[in-house]
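What follows is a short report on a single structure.
The values are calculated or read from the model by the stated rules, or taken from the named source; none is laboratory data. Remember, it's a predicted structure, so these values are computed and weren't measured experimentally. Note: ideal-geometry Cβ built from the backbone for every residue, glycine included; neighbour counts use all protein chains shown.
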Amino acid sequence: MFLLSFGLAAHAGLPPASASWSLLAESPVKIECTTFEERPYCRATGIIGAPSDKAATTFAELDKHVDQMAAITMVKRLEPDVLHIVMDYPWPINDRDYVARFTRSEQDGAQVFAWTPIEHAGAPVDPKIVRLPWLDGEWRFAPDGENTRVTYLWEADPGGGIPDANMVRKKAGLFALTDIATACGTTILSP
């Protein structure tokens, strides 16, 4: 489980609320992208059919739910708040991974898991996998009646010279929300 770090702000390098976003997809999740400090960011938003406490707890125990996820092949907990995550990319594209320190906070009634990339001796670089050492972002789980509005915000440079980055961004946002919904034993209800 993640160390609780209440009172910490989300990673300061994320786009501000006033950023201008371009729509990439409307359904089954809303996916938007922007550029902030010359870096691409995307966010995927959707409502899943689980209470927000369950969604946040499921995310906090992400390493226990890998078998229920289609887009993640490995989550290794290196420290209570540090995860090594390997994302499954379709052949012939190499998988991607990152190592990140997560902080958990409560903001405006939502549970927020913000992460920043780190280097860690427990996660050596695998030459068969593209390491994303710049990847940062946050997951936000906000109550929406008996359901949860999930927002996944990530630095959206997929690395490794992928020719259609927007297609990867659309799939990444959809897969991320689908995986968390599946891990919670539910589905995406609406964007």
Problem - Test: residue in segment 134-142 that is assigned to a loop (DSSP other than H, G, I, E, B) and surrounded by 20 or more Cβ atoms within 10 Å (Cβ to Cβ) - result: yes
Problem - residue 100 vs. criteria of a type in the set (Gly, Ala, Ser), within 23 Å of residue 14 (Cβ to Cβ) and in contact (Cβ under 8 Å) with a residue 60 or more places away in the chain - result: no
Exercise for the section: Give the residues of segment 61-76 that are surrounded by fewer than 17 Cβ atoms within 10 Å (Cβ to Cβ) and touching a residue at least 24 places away in the same chain (Cβ under 8 Å), sorted by residue number. Expected result: 61, 68, 70, 71, 76
Problem - Residue check for residue 22: within 20 Å of residue 166 (Cα to Cα) and either touching a residue at least 12 places away in the same chain (Cβ under 8 Å) or of a type outside the set (S, T, N, Q) (or both) - result: yes
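Quick one: how many residues across segment 148-191 are of a type in the set (S, T, N, Q), assigned to a strand (DSSP E or B) and either touching a Ser or Thr at 6+ places or on another chain (Cβ under 7 Å) or surrounded by 19 or more Cβ atoms within 10 Å (Cβ to Cβ) (or both)? Step through it out loud before you land on a result.
Going residue by residue through segment 148-191, those that are of a type in the set (S, T, N, Q) are 148, 151, 166, 178, 182, 186-187, 190.
Subsequent filtering for residues that are assigned to a strand (DSSP E or B) retains 148, 151, 190.
Among the residues that remain, those that are also either touching a Ser or Thr at 6+ places or on another chain (Cβ under 7 Å) or surrounded by 19 or more Cβ atoms within 10 Å (Cβ to Cβ) (or both) are: 148, 151.
Of the residues in that region, 2 qualify.
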Handout entry: For residue 55: the one exception among (1) farther than 21 Å from residue 116 by Cβ; (2) at pLDDT 95 or above; (3) surrounded by fewer than 19 Cβ atoms within 10 Å (Cβ to Cβ); (4) of a type outside the set (Lys, Arg)
Key = (3)
Problem - Scan of segment 90-108 for residues that are loosely packed, with under 15 Cβ neighbours inside 10 Å and modelled with pLDDT of 95 or more, ordered by number - result: 106
Practice task
Kindly check whether there is at least one residue in segment 120-138 that is touching a residue at least 24 places away in the same chain (Cβ under 8 Å) and at positive phi.
Solution key: yes
Practice task
Select from segment 170-191 the residues that are among the charged types (D, E, K, R) and farther than 25 Å from residue 63 by Cβ and list them in ascending order.
Solution key: 170
Completion exercise
Conditions (1) among the basic types (Lys, Arg); (2) buried (at least 19 other Cβ atoms within 10 Å of the Cβ); (3) farther than 19 Å from residue 24 by Cβ -> residue 128 fails only (2)
Problem - Checklist (1) closer than 27 Å to residue 167 by Cα; (2) of a type in the set (Gly, Ala, Ser); (3) in contact with a Phe, Trp or Tyr (Cβ under 7 Å, 6 or more places away or on another chain); (4) touching a residue at least 60 places away in the same chain (Cβ under 8 Å) applied to residue 56, failing item - result: (1)
Exercise for the section: Identify, by number, the condition in (1) within 15 Å of the chain's Cα centre (by Cα); (2) within 30 Å of residue 124 (Cβ to Cβ); (3) assigned to a strand (DSSP E or B) that residue 14 doesn't meet. Expected result: (3)
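Quick one: would you say residue 182 is out of contact with any Pro (no Cβ under 9 Å at 6 or more places or on another chain), among the polar types (S, T, N, Q) and without any contact (Cβ under 8 Å) to a residue 24 or more places away in the chain? Break it down into steps so the answer makes sense when it comes.
Details: out of contact with any Pro (no Cβ under 9 Å at 6 or more places or on another chain): yes; among the polar types (S, T, N, Q): yes; without any contact (Cβ under 8 Å) to a residue 24 or more places away in the chain: no.
Criteria not met by residue 182.
Please enumerate the residues belonging to segment 33-79 that are among the charged types (D, E, K, R), outside any loop (DSSP other than H, G, I, E, B) and in contact with a Gly (Cβ under 9 Å, 6 or more places away or on another chain). Let's see the steps before the verdict.
Residues of segment 33-79 that are among the charged types (D, E, K, R), as a first pass: 37-39, 43, 53-54, 61, 63-64, 67, 76-77, 79.
From what's left, outside any loop (DSSP other than H, G, I, E, B): 39, 43, 53-54, 63-64, 67, 76-77, 79.
Scanning segment 33-79 gives 39, 43, 54, 76, 79.
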